[in-house]
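Encoded as structure tokens, the structure appears first; notes follow it.
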Amino acid sequence: MMQWCAVLVVAALAAMSLRAQTAVDGGAIFKELCASCHGLDARGGEHGPNITQLDAQQDLAAVVKVGIAARGMPAFGNSLNGAQIRAVVQYVRSLAPAAPAKTFHAADVVLNVKPADLLVAPVGANWVSYNGDYTGRRYSSLDRITTGNVGQLRPQWVFHAANSNLLECTPVVVDGTLFVTTANDVFALDAKTGKQRWHYQRPVTEGLIDDASAHHNRGVAVLGDRIYVETDNAHLVSLNARDGTQIWDVAYTTGNKNYGATSVPLVVKDMVIVGTSGGDDGVRGFVAAFDAATGSERWRFWTIPGPKEFGSESWPGDLYLRGGATTWMPGTYDAELNTIYWGTSNPAPDFDGAPRPGDDLYTDCVLALDPDSGKLKWHFQFTPHDLYDYDAVETPVLVDRGRRRLLVEANRNGFLYVLDRTNGQFVKAAPFVKKLNWASAIDEAGRPVRSGLQPSKEGTVVCPDMTGATNWFSPTYNPDTGLFYFIAFESCQTYFLEPQTFKEGREYYATGVKQVPGGTHEKKLLAYDAATGTPRWSYALPGDGESWAGAMSTAGGLVFFGNDAEEFEAVDAKSGQSLWRFNMGQSVHASPMSYAMDGKQYVAIAAGSDLFSFGLP
């Protein structure tokens, strides 16, 4: 039964003033009277349900006019005139999910992805999840494109997304259909030609802040004949892969409007696992699992412990409700160990450690969770009591070397870590950038030996900078070479501190950073031995430092990545020698992938507002 939200008295008084308006704006009336309960996009808020999917035959005008007293829905017939009521109803109806626009009529999409299909590693013709497979290695077994012929690689097609100017997604490809996301939209394309098969449309959400306000979306997950995608305002949506029609829509955050989502769902067994953004904005992070068929919640692990829970000493009073540790990138999964590995973001407030004494668990951690229950198996914290915004959401890559089951992560704090993923035991760590002054080393227990630098009113120069020595864009591990490849930054910033009081609708950094006068920003592609943590080679990336591109390796002996000159580039995986590059003319903020059709291998990457697919002649 639908429940309605009672509108505050002040909203009713505001409605009286709206009668005097000469131009009837249904959107303005809705935002004034209804959005506080039903959300700015009418898809549900803390106190009211989603009203965009009501029966088209339901008389909404009557509901607005006379209300439903038994359910707390007030009457507005005395405060809104007929034209205003009709305008509100028309506005709500306009927010309903649009029917998918089909521009390619050859055939509907046929999809039947089984849980066993998601366990295939390494991937080949299909690229079934954000990182290709569960390991996070972003390694393709395809070998048609090699060090010998990569110089012949040419664009095969380009897909332009009109509703976005900065794509951050990695496509998913299953049996010839490619799925790509822009903001809250999902496109199904013919992977061979780039022609559109269907398009799911959803308006972006107004009123979001910080990362969520940019409406970035990094891709979809698949299971059975369904597609799963997160929206900018942290809804999990299930779509029919055949034609893009919506099956269900679940809002998975409540209680703080600073929440958002920028990640990709991870399907494990019959569950869809999601995270949230907003770690710089005073929210309480979590990882949550939902039933893939129904959308019902299975479990939720809060990454900031509540009162009397282990680690709660860092979060006095109600600070645990806004301590950060968000989970804004997807994790990885070991099916044999039945363990999910998920990274968490920095604590909040970012630059002021006084309100949050101690280590601030579980910020800047990799968490090992039981996928069936959501219970914590172990955790490892990279940057205890973080004062520098060193999120630990970088991909936790699963590497097997002999009998050793390792987890390798190039962390934003400037150190490359190797852990035993069976129990979280620290194995080793090594710095991978030269500009690193917040810590001098990592001790035998895996804790940093800190220098004592911290943000100040006058300003303190800290290296790496707030961007980190690396960031969310994907690393890759090639089991043939045993090397781990990732993009690294060399840069410092001046950190400032000014204590801040938390407020919804505002960021919660407690001030910020400035560039060091005359400072340089260098970028490079690094190759490290994954087992020993020792460097093998380094490839400098000339350019302006604006790309945020990840990497992918292949059985053809190549590493593909977006360089800093708006180019897609390939280097020899063993030596780092540059072999091929293509100027896309747009900054790259995405990670590459590979797939095959009719025996032909393709590599694809997003740049600017376009998705490029490349292949041999």
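Quick note: the coordinates plus some simple rules give every number you see, no bench work behind them. What you see is a predicted model; the values in this text were computed from it and never measured. Note that each Cβ is placed from the backbone with ideal geometry, even for glycine, and that neighbours are counted across all protein chains shown.
Structure above, values below:
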item: Placed amide H near GLY414: partners under 5 Å, 5+ positions off or other chain; result: ALA469, THR470
item: Computed over the chain: relative contact order in percent, which uses C-alpha pairs under 8 Å that are six or more apart; result: 12
item: Environment charge of PRO396, counting only residues whose C-beta is closer than 15 Å and scoring Lys/Arg +1, Asp/Glu -1; result: -2
item: Lysines whose Cα lies under 27 Å from that of LYS435, excluding same-chain neighbours fewer than 8 positions away; result: LYS457, LYS514, LYS523, LYS524, LYS574
item: Ranked packing of 156-168, 187-199, most packed first, by mean Cβ within 10 Å; result: 187-199, 156-168
item: ARG137, ARG401 arranged by Cβ crowding within 10 Å, fewest neighbours leading; result: ARG401, ARG137
item: Geometric extent, Cα atoms of the range 327-399 - Rg, Dmax (angstrom); result: 12.9, 42
item: GluC sites (Glu not before Pro) restricted to the range 293-339 and DSSP loop, no more than 11 other C-beta within 10 Å; result: GLU336
item: Estimated inter-spin distance, GLU206 and VAL120, nm [label 7 Å along Cα→Cβ]; result: 4.5
item: Burial ordering of THR177, THR470, fewest other beta-carbon atoms within 10 Å first; result: THR177, THR470
item: Using θ = phi - 60° and Karplus 6.51 cos²θ - 1.76 cosθ + 1.60, couplings along the range 169-176 (whole Hz; Gly, Pro as x); result: 8, 10, x, 10, 10, 9, 6, x
item: Expected 222 nm ellipticity per residue - DSSP helices of 4 or more, -39500 (n - 2.57), all of the chain, to 500; result: -2000 deg cm²/dmol
item: Whichever lysines have a C-alpha closer than 26 Å to that of LYS269, once near sequence neighbours (fewer than 8 apart) are set aside; result: LYS114, LYS375, LYS377
item: Burial ordering of ILE273, ILE209, ILE68, fewest other beta-carbon atoms within 10 Å first; result: ILE68, ILE209, ILE273
